[in-house]
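The block underneath contains the structure these notes are about, expressed in structure tokens.
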Amino acid sequence: MSETVLVVGGGLVGALVALRLAESGQTVRVLDRDRPGAEASSAAAGILAAQVEASAPGAAWELGLASRALHATLHRELIELTGDGSGYRKNGALEPTTELDHEARLAACSWQRSRELPVESLDEASLRAIAPGLNARYTGGIYFPDDATVDPPRLVASVIEAASRRGVRFEQGAAVREVTTSGGRVTGVRTELSQRSAEVVVLCAGAWSGQVGGALDDPQEIRPARGQLLELAMSPVPFSPVLYAGGGYLLPRSDGRVCVGSTLEMVGFERGTTAAGQRTLLDRAIDAVPSLGGARLTRSWSSFRPRTPDGLPLVGELGVSGLFVAAGHHRSGVLLAPITAEIVRDLVVHGRRHPQLGALRPDRFRRGLDR
Ligand SMILES: Cc1cc2nc3c(=O)[nH]c(=O)nc-3n(C[C@H](O)[C@H](O)[C@H](O)COP(=O)(O)OP(=O)(O)OC[C@H]3O[C@@H](n4cnc5c(N)ncnc54)[C@H](O)[C@@H]3O)c2cc1C
């Protein structure tokens with residue numbers, strides 16, 4: 001069986017890459033060792049934190065802004081194609097402040113304001129208007145009205161459905177062991193059961209990308225970083241933007257659920273949640289919004305972020321003709337998936353290089369060491 005393109009991994013990144021390639025006329029098959037979309041992409045909180053989490057200008061910032069804008073159009077596109085969207089909401093992100101730290105926090109965002117992006121300094125009345133439930137010690141806030149959220153399980157399901165309608169075949173239970181090559185060209189992949197041939201292979205296996213043989217030079221460049229989350233339910237939720245407080249975040253959904261995140265733990269691929277991790281999240285949530293102490297605790301879960309040394313993904317060619325990678329999106333894979341898919345499509349189909357591709361080069365860590 002020969003395909004033009006084999007995508008290894010059917011998370012959000014792989015599914016969206018597959019959709020964009022199929023739209024460009026490629027024959028695409030996605031191989032996933034499990035149910036496509038079931039790993040980090042469905043576990044994520046879904047914050048499109050292009051501004052609130054940005055600390056300096058640079059590639060991450062440029063890509064985040066571009067991709068946040070693409071999410072608004074992707075949502076509409078998915079509704080047209082599948083009848084359901086991504087749950088996209090432009091509800092803004094808010095960092096509550098006290099009298100002691102307000103000016104310092106505002107100054108830390110001045111570089112964003114000088115680029116004419118909206119960053120609002122809120123007084124107490126404006127703060128209470130959008131987040132009446134906040135702890136009384138907060139007297140102001142920094143508000144990023146253009147940051148947005150999606151509902152990750154809906155987003156992933158819609159993208160997989162849209163890609164399927166565009167002719168992409170998703171294959172479950174196809175664990176790829178290694179990429180195969182001959183004479184400096186990719187020839188396909190070997191799964192646990194068979195050899196599959198293809199002209200192009202795109203590695204999108206998230207935190208597991210280093211386990212696929214014959215692809216990354218250093219498998220350790222993408223490592224799993226476990227993140228725990230929990231979900232509370234209360235109605236009405238006494239804040240409308242995503243809150244960034246106490247070192248974590250609280251994301252209100254439109255139906256009364258609040259997603260509280262997250263931990264960052266280097267524990268390998270150990271699944272599950274811990275008492276200490278969950279306590280940290282609950283303490284943060286109840287401290288920020290005291291009435292959440294009476295909310296129902298409805299769910300807790302964890303998954304693995306694909307972490308690279310600099311937090312940016314590896315995107316580009318892998319030194320073998322026809323072999324590409326788009327993996328290692330760490331804490332921003334939901335945000336960056338739309339721009340990643342466009343970058344990969346442009347590279348694979350048109351040989352066109354995105355201006356930020358240099359910052360994402362898969363060999364950048366080794367090049368850094370060589371200098
Ligand atoms: C707790 C938590 C909260 C997060 N919150 C946010 C957020 O708010 N905003 C944001 O932008 N990002 C967030 N992220 C990050 C985001 O979830 C990831 O960066 C993103 O989902 C990575 O997508 P992916 O498709 O690369 O990986 P995944 O979704 O993990 O998909 C990888 C796929 O590859 C498959 N696979 C693995 N090995 C093989 C193999 N050998 N053969 C075939 N298939 C294979 C897996 O089965 C899986 O389906 C969060 C992550 C976590 C853990």
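The values are calculated or read from the model by the stated rules, or taken from the named source; none is laboratory data. Since the model is a prediction, treat every value here as computed from it, not as a measurement. All Cβ positions, even for glycine, are placed from backbone atoms using ideal geometry, and neighbour counts span all protein chains on display. Side chains are part of the model used for accessible areas, which takes the heavy atoms of the whole protein and leaves out ligands, DNA and RNA. Shrake-Rupley method; radii C 1.70, N 1.55, O 1.52, S 1.80 Å.
In whole percent, what relative contact order does the chain give with Cα contacts below 8 Å and a gap of six or more residues? Walk me through the intermediate numbers first.
Values: 852 pairs, mean separation 84.5, N = 371.
Dividing the mean separation by the residue count of the chain yields 23 percent.
Calculate, in nm to one decimal, what D218 and D283 gain on full extension: separation in residues at 0.36 nm each, minus their alpha carbon distance.
Details: separation 65, 0.36 × 65 = 23.40 nm, distance 3.85 nm.
The span from D218 to D283 would gain 19.6 nm if fully extended.
Work out, step by step, the length gained on full extension between R137 and T4: first 0.36 nm times the residue separation, then minus their alpha carbon distance; give nm to one decimal. Before the final figure, lay out each step's value.
Details: separation 133, 0.36 × 133 = 47.88 nm, distance 5.87 nm.
Result: 42.0 nm gained on full extension.
To the nearest 0.05, what FRET efficiency results for R165 and L357 with a Förster distance of 22 Å applied to their C-beta separation? Present the calculation step by step, with values, prior to reporting the outcome.
Working: r = 29 Å, r/R0 = 1.34.
The formula returns an efficiency of 0.15 here.
Can you show me the helix-derived [θ] at 222 nm for the chain, built from DSSP H runs with n ≥ 4 at -39,500 (n - 2.57) apiece and divided by the number of residues, rounded to the nearest 500.
-9000 deg cm²/dmol
Scanning the chain for helices, which whole DSSP H stretches are 27 Å or more long along the axis (Cα) and average 1.0 or more by Kyte-Doolittle? Display every interim value, and only then the final one.
Values: long enough: 59-82 (32 Å, 0.29).
The qualifying helices: there are none.
What list of ³J(HN,Hα) couplings, whole Hz, do you get for segment 94-109 from phi and the Karplus terms 6.51, -1.76, 1.60, once you set θ to phi - 60° and write x for glycine and proline?
Result, ordered by residue: 10, 10, x, 10, 10, 4, 6, 10, 4, 5, 5, 5, 5, 4, 5, 9 Hz.
Along the charge dipole of the chain, which of G87, I47, P224 sits closest to the positive end, that is, farthest toward it, with unit charges on the beta carbon of Lys, Arg, Asp and Glu (+1, +1, -1, -1)?
P224
If you keep only loop residues by DSSP, which GluC sites (Glu not before Pro) in segment 105-165 have at most 16 other Cβ atoms within 10 Å of their Cβ?
On the way: sites: E116, E120, E124, E161; in loops: E116.
Those satisfying the criteria are E116.
Tally up the carbon and sulfur contribution to the accessible surface of segment 54-193 as a whole percent, 1.4 Å probe, everything protein left in place. List each step's numbers first, then the result.
Numbers: 3210 of 6640 Å².
The computed percentage sits at 48.
If amide H atoms are built 1.01 Å from N in the plane of the peptide, which residues on other chains or at least 5 residues away come under 5 Å of the amide H of G213?
The answer is E178, V179.
Residue separation times 0.36 nm, minus the C-alpha to C-alpha distance between K90 and R366: what's the value? Could you put the intermediate results ahead of the total?
Values: separation 276, 0.36 × 276 = 99.36 nm, distance 3.90 nm.
Fully extending the segment from K90 to R366 adds 95.5 nm.
If you take every DSSP beta bridge fully contained in the chain, what fraction is antiparallel? Give it as a percent rounded to 5. The partial results should precede the final answer.
Numbers: 48 of 69 bridges.
The antiparallel fraction comes to roughly 70 percent.
Would you mind computing the Rg to Rh ratio of the chain from its alpha-carbon coordinates, Kirkwood style for Rh?
Working: Rg = 20.9 Å, Rh = 21.2 Å.
Rounded to two decimals, Rg/Rh equals 0.98.
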